[in-house]
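Taking it in order: structure first as structure tokens, then the write-up.
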Amino acid sequence: SSQGKWILAKVQKVKQGGVCDLDCKPDVPADKVRPTHGAGDLVEYYSASQGSWIPAKVLRVNQNGTFDLDCKPDVALDKIRRPQGASSAFAAGDEVEYLSATTGKWIPAKVLGANTNGTFDLDCKPGVTADKIRGVGSAAKAPPSPDRKEGASIRKAAAFSDLLKAGDFVEYLSATQGRWIPAKVVSANSNGTFDLDCKPEVPRDKIRRPSGEAADATAETGAPEYKVGDDVEYFGATQNRWISTKVTKVNANGTYDLACKPLVAPDKIRRPPAATAVEGSPRASRGFGGASPHKVGEVVEYFGATLGKWIPARVLAVKPGGGYDLDCKPCAPADKVRRPLAASGAVGGSDDLGEQTPHTPHTPAGSMKLTSAPGLAKPMQLLSAKRASGGGWRYEVCPEGAAALERLGSRRVAVAAICGPRKTGKTSLLGMVQGSGQKVSAGPGLWLSACAGEGDDSGPVLAYLDCEGFGSAASDHSRDAQLLAMLALLSSAMLVNSAGGALDDARLAELAPALRFCESIEERGNETSRPMLMWILRDAARQLLDAKGRNVTPDEYLESCLNAAPKDEEKGGAAREARRSLLHFFKRRVCVPVPSASGRVGDFKSAASRLRERVTEVCMASPKMVGGQPLTCFSLVQLMRQLASAANDGRIMNIKAAWEIVQHTTCGSLADELRESASLLLRDLAAGRPVPGGAKLPLTDDALNTVLRDRRHALKDQWEERAVGDEQVRREYWKELKDALSREEGLVRAQNAKLADQQGMEALRAWQDWLDGDAEPGALNAGDAVCRRLGSALERMPARPLARVGRASIQ
């Protein structure tokens, strides 16, 4: 094509040799024609952010020749292709293995047929993509014999395979996030690759033992980094700090048993830091060689490279590597964080630059004084659920609740979700936790309320999502499970409210239908931080006992109940299913006992207060992250819309795909909005009208550059505040916006030169007319006016028009 890309066309006639007459061109050779894609086709899309082809599904073919995919709208044809190598990979009757998202394992299957869109129908599931299918050791499909170099690579991979086995904790190099992320080995394959819990068929060079190079060397030499008896520090996620402990056992899978916890990954262990800095010295106050100088909830200053200055921030979490998650930026390095500078005369240390570094007192997150977020003092419905005309349920994000949350904009958000059987008092408990005293039961769907730090207009927001009670007569098990799936994907803490004072088979069986929410979630590849399970045990006794009658802590009680064998024959199957779902999805679990509300009022209120502090501490210390990016109030609403759309269409909820759509649609819409506002200003400027600030063409080159630069900086500030998504995606759309504005700025520069030429020549002609005129009375005064006009025009001219007028005046 003259356009240098694939364009949509329609075949009018097929001639001999495969030559086609198209509606746009006759006699087109067969090698320049390819079939297009229809709605429902599985394809591959070239993602600029990931730099590779990724699986996708065509949702709609647009009239302008683009395609709406499940991961991005308005995609050009040249960025889509059919799945590669799928057509000849497997044939009907082949015995294969299929990677089940439900079990996370490869299961035996048989190919029934290959589809034209690159998928395969298996005897266990139709329309399966090729990346979820593999052969079963067929010699016919074995690769050719490797040469010596390839053989060495395979032997090295095989050696690594011997070191790694199912269940081992490793790190995987994620192309999406551009960093090593924690993973777990599901199985080792015969071709030297590994199936991880986050991705199948991962090559050896993208896997390493936890804790980086030291751990990688450990995997090859066999020498552990820590020995039995070593004094170490363990990073406790619950307490959000490093805890002194001792190594009691070195496990074969690379983990360690510590005195405080078994099976700990190396990336959560460090040697006690040497006390090399003198207490109170500048280096000690900056955190060199000692404990972290900043704690969760502390007010600090962060050096923003974009603004080029220190800006106020609050510590949300302390990273194991020494960095911080701030309310304005995640993973901020320690050298870009400092305590606020003291007013003159304040006592404190000073660094090498002479800056004051006082020890500012901090407020723990759990005791942070919270107040209702603007516009969310009362609960508002965020998601409605109604019966669909064709059966099932239809979910819609409610405009009023969404608008209230979107008004909070780019503030980071932590979500605490509460759910449980109906008539168990969860909404009244939530009212006490919030301090609002709300006692009205939540209606259908999800209800929103929120709070934030008092007097903090930019810090993180704590949003509460109250789910309708399970088992309602107006609902069914599928609706309960779908609502719970959305909460599990979006929350930082999941509060499950259960009454009765004990966690037995009957209570678990009651929740089993809703806990099937895992079936609605595509877990593999989901880039979201999972919530902490906080089991609220209502009507609990003062002392909890295990099955053997021993006194146990609340957390130990929860673990013993979830790992116990069913005792009730009638409810044993459902209880076993509920236990399996909870243990599989929630990796962090705590139990919070709450006494009966009908007992001593003080005990109940005290328990609710402790619960409030714990929920606040957990959520504010770890606001929701998706794809390594902090979730904002605005993006939370967009993600909710995408998950509701998936549930309405009967699709599996995939937070990764939803996030991909959110970041592309949000960045695209924002780029369009900013481009339009900037274009209006540039058009006013080009038309000779004054713009804010008083600038008006013609202008000198420096003056025009200043106007355009200031406008770009203002746009950049808006972009940084409102853009949602991964760094690469935001950079891609910002570059497109800059390129579009550069073209319009070029038109303004051309117009500036044109206007300068016109006004300069007019002033020059008036000057020449004055020079050529007769010396009449008043001519001198007229000459002064002409000279002032010419001088004024010359002062506002760009360089090139100025040179042209200068040459003309000399001539």
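The values are calculated or read from the model by the stated rules, or taken from the named source; none is laboratory data. Source: prediction; values computed, not measured. Cβ atoms come from the backbone with ideal geometry, glycine included; neighbour counts cover every protein chain shown. With ligands, DNA and RNA removed, areas are computed over all heavy atoms of the protein, side chains included. Shrake-Rupley method; radii C 1.70, N 1.55, O 1.52, S 1.80 Å.
Numbers for the structure displayed
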item: Rounded FRET efficiency, nearest 0.05, which uses the C-beta distance separating Arg731 from Asn551 and R0 of 41 Å; result: 0.15
item: In nm, spacing of pseudo-spin labels at Asn64 and Asp197 (7 Å Cα→C-beta vector); result: 4.3
item: Whole-Hz ³J(HN,Hα) from phi, Karplus 6.51 cos²θ - 1.76 cosθ + 1.60, for segment 12-28, glycine and proline x; result: 8, 7, 10, 9, 5, x, x, 5, 10, 9, 9, 6, 10, 6, x, 6, 9
item: Share of carbon and sulfur in the accessible heavy-atom surface of segment 488-645 [1.4 Å probe, %]; result: 48
item: Electrostatic dipole magnitude of segment 450-582 [Cβ: Lys, Arg +1; Asp, Glu -1; Cα centre; debye, to 20]; result: 480
item: Selection from Leu670, Leu685, Leu697 lying farthest towards where the dipole of segment 658-697 points positive, charges on Cβ; result: Leu697
item: Amide hydrogen neighbours beyond the local backbone of Asp41, cut-off 5 Å, H modeled; result: Val58
item: Contour excess over end-to-end distance, with Cα ends at Ala565 and Lys587 and 0.36 nm allotted per residue; result: 6.0 nm
item: Student exercise, segment 602-706 dipole from Lys, Arg, Asp, Glu Cβ charges, in Debye to nearest 20; result: 400
item: Residue order for Glu519, Glu720 - accessible surface, 1.4 angstrom probe, largest first; result: Glu519, Glu720
item: Computed E for Arg81/Asp27 - FRET, C-beta separation, R0 30 angstrom, nearest 0.05; result: 0.75
item: Pairwise FRET efficiency - Val136 versus Ala403, Cβ, R0 = 60 Å, nearest 0.05; result: 0.65
item: Burial ranking of peptide ranges 661-667, 745-751, 68-74, 644-650 (average Cβ count within 10 Å, highest at the top); result: 661-667, 68-74, 644-650, 745-751
item: Cα-projected label distance for Ile7 with Ala808, points at 7 Å along beta-carbon direction, nm; result: 4.3
item: Cβ-placed point charges (K, R +1; D, E -1), dipole of segment 602-648 about Cα centre in debye, nearest 20; result: 60
